[in-house]
Amino acid sequence: MYLLGRGKSRSFMGKMGLAALLSLSMVPMSLAQADEAAIQTENQGDMPTPTTKAPAMSSNDIRVVLFADLGTQYKAIQSTVTLTGANGYQIGVKDGAGFDAWLNVSSNQSVKFSVDRFMVKVQETSDTKEVAGIVNRLQSMKEAPQVIEVNRKGIKSYQIVLGDYASNAEAAKVRDRMTSDSTLAAYYKNGKPVVTGNLHYSAGSYGSEQQAAAVQQSALDAGLDAMLALQKDRNGALRFDVWVGQASDAAELSALKSDAAQKIPGVALQPVDTSRVSLIVRDDATTTYASGQDAIPHYYVSGDADQKIWMNSSDAGIQVTERSKRTYRGSLEVSAYNNRLALVNELPLEQYLYSVVAMEVSPSWPQETLKAQAVAARSYALFQGMKFKIGQVVDTTLSQAYYGMEKEHPNTNAAVDATAGIVMKVNGKIIEPVYSSNSGGKTADAAEIWGNPTSYLVSVDSPDEAAENGLPYWYRVMLNDGTTGYVREDMVQDTGTKTQAGLPIFKINTADTNIRPIPLIQSDVKPEAVVSVGTQVVVLERTIQSNTMHWVRGTYTSDELLKSMTGKVTSAVNGPITSLEVSSRGSSDRVTEVKVNGQVLAVKNPDTLRSALNGLPSTRFDIEETGRYTILGADGVNRTVASSNGTVQAITNAGKAALQANSNLFMGADQRARVVTGSIGYRFIGTGNGHGVGMSQWGAKGLADQGYDYQKILQYYYKDINLVKD
């Protein structure tokens, strides 16, 4: 195996040639095995109809999709991934015999990977100032340019490229956009942007890197695009191919052959064999062109759609720069899916659970809670099969939160180990035990949230109050100008006086106090007001700091809610929103239907209401409308009054409205103080966090605090289950 090292050598294999490469041991490596296998989805998505799915691989391993374009199911697009191993890693392929290692990457060496698909070459230039100008402009356009270094006649030249793209047509649209940009046009001295593709001709296969590099250099000097490609021949020997051109269609490929025949006469060109995986080798100068430092290796995986390249790690794992620099156990697989780069982490299930359990619940919680979470996560995972086409799960909360090795903790690792192999079954089949953060005191029935009843997912009371232990209280207050918001209780003090309606009057005791939109410090949200010491405020209510048990959201305007509803409702809402009301609730008091302007808000299922209403934590909520109120007149008739100026009206015994001077405050029938504003808005006051079906994580902690073991916790939330070591 070759030990990857760049140095000053032009050779992509550094100072080691193919002879040195072949002299090293090529012993296949097998993946580390664990005792269990499984995976789950996080419970924020739709609940599928329970079915039994057979995993497409060993039950000891799990495939986690990090980047891929899976259409509407999952889309995390990344054109390039940068991989680094603290103890290095191996690059190779997998077959029936195990892992066939091609290259060794040295410790802390960064290597980039892409797939050989459609790209846009914006420009090629030897002027690094021009490179910087183009790169800066592309980045300002929210593009992610790569800078590929080539050497032509002894002069470094730089190709600025974009992509990959799934099709020629998609790349062509990007090309046209780059061509028409007036700022970029000033740099197009050597030609306009062009689409490049993954059609190449081979200029020969060589047993010597030096031979291949000489042929490649002659093609580069002649003005052609030429690259080295590492490939195994039919006898299993590693060889160097020289590939010429990057044609995007058959016509370009034909023209390429004619052009190459004139520019490099005597070199026989043959079609590239795409039935075998190849590694195209380029020098990536994206981060080095300005400094003059050596470029880093950039490998493009080439071949038919089912061709894959694997990276096998040591116990130290492999870091993925583009995934927040997280480090992953096991192997990483790079391939093309839907003609875009796909990155999959394959590792033993139990090691996957180390990270999941530590992400899903606090490692400081009781061990029995951690064990319950481990069994739930394992069971959910095993239920999934290949739900995500190229993997069982994804690494986001669309499945289970999975952030790699750094998030592991000894306490949660111990819980995984203590329950190794244990899953939940009903009638001999593994169940899909969805769970959420906090049920708000009562879990939901599956039918209430997703419309499909499931025997083991029924509503139960849940001790979720532990989520609020130690949290401060806040006051909702009103300023003299009618502004309302929240202030933490330690920032005000009682004046001992009250309004005519009996509401307490407090004063601010802290300089530059923020009046917050909700009872929570949000550094990225502008306060409603900033007030000075001594400012008097009217206290409307006292509430605990927003958390996973109790929360407040809003006030949201009609425009904000209409924007949030876009793409989440099945029929258009005729705005503006003039009324918004809960029209139906389920057995756990969760909202199952909302009316907008008197019409039912059409959503896929009740749980979709959360995202449609600007990302509410749960569907267990009430709606409070400002700018409109209903009053019982002296004549005994209920009337709904809209206010455009933020003042309250009364109804006389004659049925006429009368303005109440300087008043926008009234007491509701529930004895809560309400404020009328000059414009209509909507506040949401609710409990719980998540869909609420199945196990409540905070409730599981509450049960453990009461002395429940993990078996009893799981049997409490999931009815009629059997705990089995599978």
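The values are calculated or read from the model by the stated rules, or taken from the named source; none is laboratory data. These numbers were taken from a predicted model, which means no experiment stands behind them. Heads up, the Cβs are rebuilt from the backbone with ideal geometry, glycines too, and the neighbour counts pull from every protein chain shown.
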Q. Among the listed residues LEU238, LEU228, which satisfies the condition of being touching a Lys or Arg at 6+ places or on another chain (Cβ under 6 Å), assigned by TED's automatic domain parsing to the domain that holds VAL267 and of a type in the set (A, V, I, L, M)?
A. LEU238
Q) Could you list, in sequence order, the residues of the range 499-522 that are within 40 Å of the chain's Cα centre (by Cα) and part of a loop (DSSP other than H, G, I, E, B)? A) THR510, ALA511, ASP512, PRO517, ILE518, PRO519, LEU520, ILE521, GLN522
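Take SER79 and tell me if it is touching a residue at least 12 places away in the same chain (Cβ under 8 Å), touching a Ser or Thr at 6+ places or on another chain (Cβ under 7 Å), under 29 Å from ALA213 (Cα atoms) and outside any strand (DSSP E or B). Walk me through it before giving the result.
On the way: touching a residue at least 12 places away in the same chain (Cβ under 8 Å): yes; touching a Ser or Thr at 6+ places or on another chain (Cβ under 7 Å): yes; under 29 Å from ALA213 (Cα atoms): yes; outside any strand (DSSP E or B): yes.
Answer is yes for this residue.
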Q: Could you figure out which of (1) modelled with pLDDT under 95; (2) in a strand (DSSP E or B); (3) small (Gly, Ala, Ser) isn't true of SER583?
A: (1)
**Q.** Among (1) surrounded by fewer than 21 Cβ atoms within 10 Å (Cβ to Cβ); (2) of a type in the set (Asp, Glu); (3) under 27 Å from ASN339 (Cβ atoms), the one test that ASP127 misses
**A.** (3)
Q. Do any residues in the range 579-608 that are more than 22 Å from THR555 (Cα to Cα) have Cβ atoms under 8 Å from those of residues that are among the aromatic types (Phe, Trp, Tyr), where the two are at least six apart or on different chains, and which pairs are they?
A. ASN605/TRP450
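If you take the residues in the range 586-620 that are outside any loop (DSSP other than H, G, I, E, B) and of a type in the set (Lys, Arg), which one is surrounded by the fewest Cβ atoms within 10 Å (Cβ to Cβ)?
Ranking the candidates gives LYS595 first.
Specify the residue that is farthest from the chain's Cα centre (by Cα); the eligible residues are those in the range 177-207 that are among the aliphatic types (A, V, I, L, M) and outside any loop (DSSP other than H, G, I, E, B).
At the first step, the residues of the range 177-207 found to be among the aliphatic types (A, V, I, L, M) are 178, 184-186, 194-195, 199, 203.
Okay, now just the ones that are also outside any loop (DSSP other than H, G, I, E, B), so 178, 184-185, 194-195, 199, 203.
Details: MET178: 28, LEU184: 32, ALA185: 35, VAL194: 32, VAL195: 30, LEU199: 33, ALA203: 42 Å.
Taking the candidates together, the pick is ALA203.
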Q: Name the single residue, out of those in the range 522-564 being without any contact (Cβ under 8 Å) to a residue 24 or more places away in the chain and among the aliphatic types (A, V, I, L, M), that is farthest from LYS595 (Cα to Cα).
A: VAL530
Q: Being closer than 16 Å to HIS298 by Cα, in contact (Cβ under 8 Å) with a residue 60 or more places away in the chain and not aliphatic (A, V, I, L, M) is the filter here, so list the residues in the range 129-160 that pass it.
A: PRO145, GLN146, GLU149, ASN151, TYR158
(Q) Condition first: more than 20 Å from PRO145 (Cβ to Cβ) and without any contact (Cβ under 8 Å) to a residue 24 or more places away in the chain. Can you find one or more residues in the range 325-343 that meet it? (A) yes
Q. Only one of GLY699, GLY686, GLY694, GLY681 is under 30 Å from THR499 (Cα atoms), of a type in the set (Gly, Ala, Ser), buried (at least 19 other Cβ atoms within 10 Å of the Cβ) and modelled with pLDDT of 95 or more; which?
A. GLY686
**Q.** Among the candidates ALA171, ALA166, residue that is assigned by TED's automatic domain parsing to the domain that holds GLN270 and surrounded by fewer than 18 Cβ atoms within 10 Å (Cβ to Cβ)
**A.** ALA166
Q. Which residues, taken from the range 523-568, are of a type in the set (Gly, Ala, Ser), surrounded by 18 or more Cβ atoms within 10 Å (Cβ to Cβ) and under 27 Å from the mean Cα position of the chain (by Cα)?
A. SER546, GLY554
Q. How many residues are buried (at least 24 other Cβ atoms within 10 Å of the Cβ) and part of a strand (DSSP E or B) when one looks only at the range 403-445?
A. 6
Q | Residue list for the range 154-195, restricted to those being among the β-branched types (Val, Ile, Thr) and in contact with a helix residue (DSSP H, G or I) (Cβ under 8 Å, 6 or more places away or on another chain) | A | ILE160, THR179, THR183, VAL194, VAL195
Q: Looking only at the range 375-397, decide whether some residue is part of a helix (DSSP H, G or I), touching a strand residue (DSSP E or B) at 6+ places or on another chain (Cβ under 8 Å), of a type in the set (D, E, K, R) and buried (at least 24 other Cβ atoms within 10 Å of the Cβ).
A: yes
